[in-house]
Every structure is written in C-alpha cells, then in structure tokens.
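The values are calculated or read from the model by the stated rules, or taken from the named source; none is laboratory data. Because the structure is a prediction, the values reported are computed rather than measured. Methodologically, a virtual Cβ is constructed for each residue, glycine included, from the backbone with ideal geometry; neighbour enumeration extends over all protein chains shown. Surface areas here come from the heavy atoms of the whole protein model, side chains and all, with no ligands, DNA or RNA. Shrake-Rupley method; radii C 1.70, N 1.55, O 1.52, S 1.80 Å.
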Amino acid sequence: MVDLGIFSIRSFTRGSIIALLYFLGMTSIWVLVALYLQDGTGKSALQAGLVGVPSAIMAALASGWAGRNVPRYGHRIIIGGLVLALVGVSSSIAVVLLQAGGHVSEWWLLLTPAFVGTARGAVISPNRALALEEVPLAYAGSSGAVMQTGQRIGTSIGIAVITSVAFATLAVSSWPVAMATSFGVILLVVLVALAVAVKDQRERR
C-alpha cells in the first residue's frame with residue numbers, strides 16, 4: 001500500500017520523525033495537567049478543562065500565521081515552535097513546584113500552556129507542508145497518511161509511557177514531583193525533535 005522508497009527523501013523522513021516525536025511528547029501534557037489539577041489540587045473537571053482554553057486560542061492564532069508565512073520562513077517556524085514548547089513545559093514545571101511551596105497559584109497554568117498552544121500551531125501544519133514538499137505528487141496522499149499514522153503511534157506510546165512515569169513517581173512521592181518528572185521526559189523528547197529540525201534546516205540550505 002505504501003512505497004517505502006518515500007523514506008529515501010530525507011526531508012520527508014526527518015519531517016515524519018519530528019511529527020512522531022512531537023506527538024509522543026506533547027499530547028501527554030493535557031492528560032497530566034487534568035490529573036494534577038483534579039487529584040493534586042482538588043479542582044473540578046470543568047476548572048481543569050478551562051485551563052486549556054488559552055492554549056487552544058493561541059494554537060488557532062499561531063496556525064493561521066504559520067500557514068501564511070511558512071513559504072517565507074520555512075523551518076525557522078518549526079524550530080521557533082519547538083523552542084516555545086520547551087518554554088511552555090519548563091515554565092509549567094516551575095509553576096507546579098512553586099505552587100507546592102505556596103509561592104504561586106496553580107492558576108498560573110492558564111498562562112504557561114499557552115506557549116504549548118502556540119507551539120502546536122507553529123509546528124504541526126508547517127512541518128507537514130515542508131515534509132511533503134519534495135515528495136512526488138503521485139505519492140503525496142500515501143505519504144501524508146504515513147505521517148498521520150506516525151502521529152497516532154507517537155500519541156499512543158507517549159500517553160502510555162509518560163503517564164506511567166508520572167504514576168510510578170506518584171507512588172513514592174507527591175503530585176508536584178510526579179509532574180516535574182514526567183514533564184522532564186517531555187522536555188527530552190522535544191529536545192530530540194528540535195535537534196532533528198535544526199539538522200533538516202541546515203541540510204536544506
């Protein structure tokens with residue numbers, strides 16, 4: 001069903017890896033945030049869900065901007081998006097740890113995941129467009145399906161593994177430590193995706 005020769009196109013292969021890694025790491029964030037707010041801080045499901053609203057708004061705005069500007073800026077948009085993802089995850093770790101010490105409110109999580117939403121808008125669609133840029137038109141449909149499959153695989157593995165890390169840590173510690181540990185795993189995954197994106201940009205030059 002799929003001509004594996006498409007993986008000889010380096011830009012497609014690297015774009016597929018970036019997509020897989022991004023979904024492997026970032027899709028677990030909302031599961032963890034919801035669990036932390038409800039089980040860790042006693043918030044309701046509605047309150048936990050509202051935390052994702054600013055992120056959704058920023059994702060919509062960023063995706064529109066990125067779609068218009070990807071022909072001009074290319075991989076710099078993806079790299080910038082991955083950097084914003086690192087900022088969002090790192091600042092969320094800081095909020096959780098500071099909240100545990102009584103220094104800030106957990107409602108700061110309304111702000112920090114907004115960076116994650118911006119990253120989503122700047123990474124997913126531009127990465128797909130650039131990954132398929134050099135794929136022959138006859139294989140564009142199957143190549144896009146391969147990328148979508150990779151995203152679903154990354155999502156499934158990421159949620160399973162990263163939430164397992166959180167609950168394994170929670171068994172011996174607290175929710176703030178569990179969040180920091182699992183978010184640390186997400187940071188490592190995004191750093192690998194960033195390295196692949198930088199390499200792709202350099203080779204395209």
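Per-residue packing, averaged as other Cβ atoms within 10 Å, sorts the ranges 109-117, 66-74, 173-181, 38-46 into the order 109-117, 173-181, 66-74, 38-46, beginning with the highest.
Per-residue extension of 0.36 nm, minus the Cα-Cα distance of VAL172 and TRP65, leaves a gain of 34.1 nm for this segment. Seen against the Cα atoms of the chain and their longest principal axis, helix 10-26 is set at about 10 degrees.
Taking Cα atoms only, the orientation of helix 140-170 departs from the longest principal axis of the chain by about 20 degrees. Computed over protein heavy atoms with a 1.4 Å probe, the carbon and sulfur contribution to the accessible area of the range 67-137 reaches 63%. For the range 110-205, the relative contact order is 14 percent, taking Cα pairs closer than 8 Å that sit 6 or more residues apart in sequence and dividing their mean separation by the residue count. May I ask for log10 I(q)/I(0) of the range 46-205 at q = 0.09, 0.11, 0.15 Å⁻¹, from a Debye sum over the Cα atoms as equal point scatterers with solvent left out? Ignoring solvent entirely, the Cα scatterers give -0.35, -0.51, -0.90. With contributions of -39500 (n - 2.57) from each DSSP H run of at least four residues, the per-residue ellipticity at 222 nm computed over the chain stands at -26500 deg cm²/dmol. What the Kirkwood sum gives for the range 27-128 is a hydrodynamic radius of 14.0 Å, with every pair of different alpha carbons counted. Roughly how many whole Å is it from the C-alpha centroid of the range 21-87 to that of the range 165-202? Centre-to-centre (Cα) distance: 15 Å. At a probe radius of 1.4 angstrom, the accessible area of the chain per residue rounds to 47 square angstrom. Between ALA138 and SER105, the distance separating the two model label sites (each 7 Å from Cα on the Cα→Cβ line) works out to 6.1 nm. If the chain linking ALA56 and ASP3 were pulled fully straight, counting 0.36 nm for each residue of separation and taking away their Cα-Cα distance, it would gain 15.5 nm. Around the Cα centre of the chain, unit charges on the Cβ atoms of Lys, Arg, Asp and Glu (plus for the first two, minus for the last two) sum to a dipole of about 500 debye.
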